[in-house]
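The values are calculated or read from the model by the stated rules, or taken from the named source; none is laboratory data. If you're wondering where the values come from, they're calculated on a predicted model, not measured in any experiment. Cβ placement follows ideal geometry from the backbone for every residue including glycine, while neighbour counts extend to all protein chains displayed.
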Amino acid sequence: MRKLIDEVRGKWLVREEIRYLFVGGLTTLVNYGLFAFLHEILKIDIMISNVTSISVSILFAYITNKLYVFKRHCDTRAKLALEFVQFVGSRLFTMVVEIGAVWLFVEELHINALIGKAVSLVFVVILNYIISKLFVFRKARG
């Protein structure tokens, strides 16, 4: 049994895609949970709740993706700043996608806000991985 656990850990748990799914799931929980709390419990406007939850999840995602998923370390502050700006810029792009999707689902299609948010997050998680992998945390070419 120990050998099987070690094999699973070695082949699957260390894979970048698996780490991304785990961290992406946590980031989604932060985003969705905060949105639900702000909008459903505190009765804050849907757009304010959405922007706030996305903003908090962007900061959470940067730290966890950098340190745990892609395991990238910057040797200068300038490189760190550039990486952070690229990450936030890419997430601002997907934030616009997410806000637009939630608006479409809730305001135009009259789908429940929590369902509309959940559906939009599926697309955003996939898009975020592609952008992070190809543009923000890409491996140095050498």
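Some points to look at:
- The combined condition, being at pLDDT 90 or above and over 29 Å from residue 49 (Cβ atoms), is not fulfilled by residue 140.
- Check on residue 89, closer than 22 Å to residue 135 by Cα and touching a residue at least 24 places away in the same chain (Cβ under 8 Å): no
Each row is one residue, and each column tells you yes or no for (1) touching a Cys at 6+ places or on another chain (Cβ under 8 Å); (2) closer than 28 Å to residue 18 by Cβ; (3) at pLDDT 90 or above.
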position	(1), (2), (3)
78	no, no, yes
81	no, no, yes
89	no, yes, yes
95	no, yes, no
100	no, no, yes
104	no, no, yes
121	no, yes, no
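- Selection count where residues are without any contact (Cβ under 8 Å) to a residue 40 or more places away in the chain and either under 13 Å from the mean Cα position of the chain (by Cα) or surrounded by fewer than 18 Cβ atoms within 10 Å (Cβ to Cβ) (or both), scope the range 104-132: 16
- Any hit, the range 69-87, residues being under 17 Å from residue 31 (Cβ atoms), surrounded by 14 or more Cβ atoms within 10 Å (Cβ to Cβ) and out of contact with any helix residue (DSSP H, G or I) (no Cβ under 6 Å at 6 or more places or on another chain): no
- Complete set of residues in the range 106-119 that are in contact with a helix residue (DSSP H, G or I) (Cβ under 6 Å, 6 or more places away or on another chain) and under 19 Å from residue 20 (Cα atoms): none
- For beta carbons closer than 7 Å, sequence separation of 6+ or different chains, a first residue in the range 69-86 that is aromatic (Phe, Trp, Tyr) and a second that is outside any loop (DSSP other than H, G, I, E, B) and at pLDDT 90 or above, the qualifying pairs are 84/62.
- Pairs meeting the criteria (first residue in the range 23-47 and under 18 Å from residue 65 (Cβ atoms), second residue in a helix (DSSP H, G or I) and basic (Lys, Arg), beta carbons under 8 Å, at least 6 apart or on different chains) are 32/117.
- Subset of the range 18-46 that is touching a Phe, Trp or Tyr at 6+ places or on another chain (Cβ under 8 Å) and of a type outside the set (S, T, N, Q) - its residue that is surrounded by the fewest Cβ atoms within 10 Å (Cβ to Cβ): 18
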